[in-house]
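Here is the structure we will look at, set down as structure tokens.
None of the figures in this text is laboratory data; all of them are computed from the coordinates on show. Note that the structure is a prediction, hence the values are computed from the model and not measured. Glycine gets a Cβ as well: all are built from the backbone with ideal geometry, and neighbour counts include every protein chain shown.
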Amino acid sequence: MSNPDFSRLDLNLILVFDALLKYRHVTKTAAALHVTQSAISHSLARLRLFFDDALFVRGATGVTPTIRALELSTTVREISSLVRTGLLSQGNFIPEAASRTFTICMTDLGELTLLPTLMAALAQVSPGCTLNTVQRQASDVRAMLENGDVDLAISAPPSPGDSEIFAQKLYTHSNIVIAHESAGIGETLDLDRYCDMPQVAIRPRSDVMTVIDQALAGLGRQRRIVLTTEHHLIIPHLIMAQPSLIATAPVGLGKACQIHGALRLYPPPVVLPNYDVHQYWHARFHKDRFHVWFRGLVAQFFQDSVPFDLSRATS
């Protein structure tokens, strides 16, 4: 059937088609739609009959869409979005009765600073909702937002950046120096000592010059980097294991490090630029009532938080 008449197709089947495109797994699709696996299998059989195509072929890790399914994917997602935002969202939205899995793309540091509070809030105000987090390269985020693979992306620039991607500022990011109390730094960390001490550098790629290194280069200085990593949460463990190390890291990680009594925090001895962290979402979900509510919940946690006082970092 080259030109299927979607008006003759049960809208519930379109939602199943869209979910199968997203999850590529019958069990995950059933869980997301809160139906049985047999119900998904029955719906898939009806879809195959309607489109005269297998649509999804079983594999070792789930199901893979056929060429025909991929050709239909854009139309299916548009119809599904219209159904969810234009029809299903017309009734009163009640968070207490909502049931939905929300997927957020964020860093390990984002998980550390956001998830405990967010999970506690959801358990209280919307217990039927669940969370899923993923980590991806910045270049992948645009497509994942468009496809519905993730609902929100929380990151600093570069942003996905086009007219179909919405953004909201959450907070302004600054840095702190983390050191072990046995490093013998004292009450203040000067620039000479900072550059001489062995350091762990956090970089998205080892060949990228960070704003820290750029600021030092502007002063004709260079820090002594002995390890480069993409991950934030390993930092306190590395410094605890090797007390001579220091690291310049986001303030959020520094605040979390305060649970380690042996770690001290210092203001950086070089002026570093701050940058904003945003949450991003696709235009397809801009008016979805649950999406709007959830975005507001995320923004509230950041914007209501008490700023960290750098002047008291070593106290």
Q.
Can you compute the label reach from ARG100? Point 7 Å from Cα along the Cβ direction, backbone N cut-off under 15 Å, restricted to the stretch 7-27.
A. 19
Q) Magnitude of the Cβ-charge dipole of the chain, K/R +1 and D/E -1, about the Cα centre, nearest 20 debye? A) 440
Q: Quick one: how many lysine pairs does the chain have with C-alpha atoms less than 27 Å apart and a gap of 8 or more or different chains? Give me the count, please.
A: 4
Q.
At R0 = 51 Å, how high is the FRET efficiency between VAL271 and LEU49 if r is their beta carbon distance? Nearest 0.05 is fine.
A. 0.15
Q: Could you point to the residue in GLY110, ALA39, ASN175 farthest towards the positive end of the chain's charge dipole, with +1 and -1 charges on the Cβ of Lys/Arg and Asp/Glu respectively?
A: ALA39
Q) Once Cα Rg over 2.2 N^0.38 Å is worked out from the coordinates, which option in (i) 1.22; (ii) 1.08; (iii) 0.96 does it equal? A) (i)
